[in-house]
1. In the neighborhood of Arg90, defined by Cβ-to-Cβ distances under 11 Å, what is the net charge if each Lys or Arg adds +1 and each Asp or Glu adds -1?
2. Suppose every K and R has +1 on its Cβ and every D and E has -1 on its Cβ; what is the size of the dipole of the stretch 1-148 about the Cα centre, in Debye to the nearest 20?
3. Subtract the Cα-Cα distance of Glu21 and Arg89 from 0.36 nm times their separation in residues, and report this length gain in nm to one decimal.
4. For all pairs of alpha-carbon atoms in the stretch 1-68, what percent lies in each bin of width 5 Å, listed from the first bin to the last filled one?
5. Give me Cys131, Cys63 sorted ascending by neighbouring Cβ count inside 10 Å, so fewest comes first.
6. Compute the length gained on full extension between Thr150 and Ala46: take 0.36 nm times their separation in residues and subtract their Cα-Cα distance, giving the result in nm to one decimal.
7. For a label point 7 angstrom out from the Cα of Val128 toward its Cβ, which stretches of the stretch 67-81 have the backbone nitrogen within less than 17 Å?
8. For Val149, Val103, Val95, which order do you get if you count the other beta carbons within 10 Å of each Cβ and list the fewest first?
Amino acid sequence: MARSPTIGYEYSIQWHNPKTEPPPGMARVLVRAFAASSRPEDKPEAIARKAAELEFGSGWVICSQAITPPPRRHSAEQKGKRRVGNLQRRVRKAVGPLFAQAVIDAELARKPDDYAGAEVSREGAAYVAECDAEDARLWAAYLEWHAQVTGEASGEAPGALGEVA
């Protein structure tokens, strides 16, 4: 699968000492800034200024997160078709064509929701939802920055992707 193009990076200065809390009166994330660069070394000026004020090695770190368009998600119908196709291929390879259809029918009857495209586990669904929420936050930050820089208040930026067709 091809990787999505990196549009830029979100930089932040965060408290990353896992055994302690940040100093009193300071938040865990001090500053966030976006840089439309393909090189992670090009930190925004706001990050550089704040970094000069802090004593690093005491729990503060500079973090960078690549900004990419939100991932394209397959519909439940597409997931189901793919799972059934994979099942058919695996069974035909394992038991041969003579008994394959009986095994496939038994498996489809045993797990109808899985082959209809439902999420396989609650943990998997929760993880996907958590990742989607973080992707949405990063994408919204990018769109806000893009609108400020270009003066366009568009809901989609160049290269935005939707659901898989």
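Read-outs throughout are calculated quantities, based only on the coordinates presented, and are distinct from any laboratory measurement. For clarity, every value in this text was computed on a predicted model and none was experimentally measured. Cβ coordinates were reconstructed from backbone atoms using ideal geometry, including for glycine residues, and neighbour counts include every protein chain displayed.
1. Once all neighbours under 11 Å are counted, the net charge is +3.
2. I would put it at about 800 debye.
3. Stretched fully, the Glu21-Arg89 segment lengthens by 19.2 nm.
4. 3, 17, 25, 21, 15, 10, 6, 3, 1, 0
5. Result, fewest neighbours first: Cys131, Cys63.
6. 35.5 nm
7. 70-81, by backbone N distance to the label point.
8. Val149, Val95, Val103
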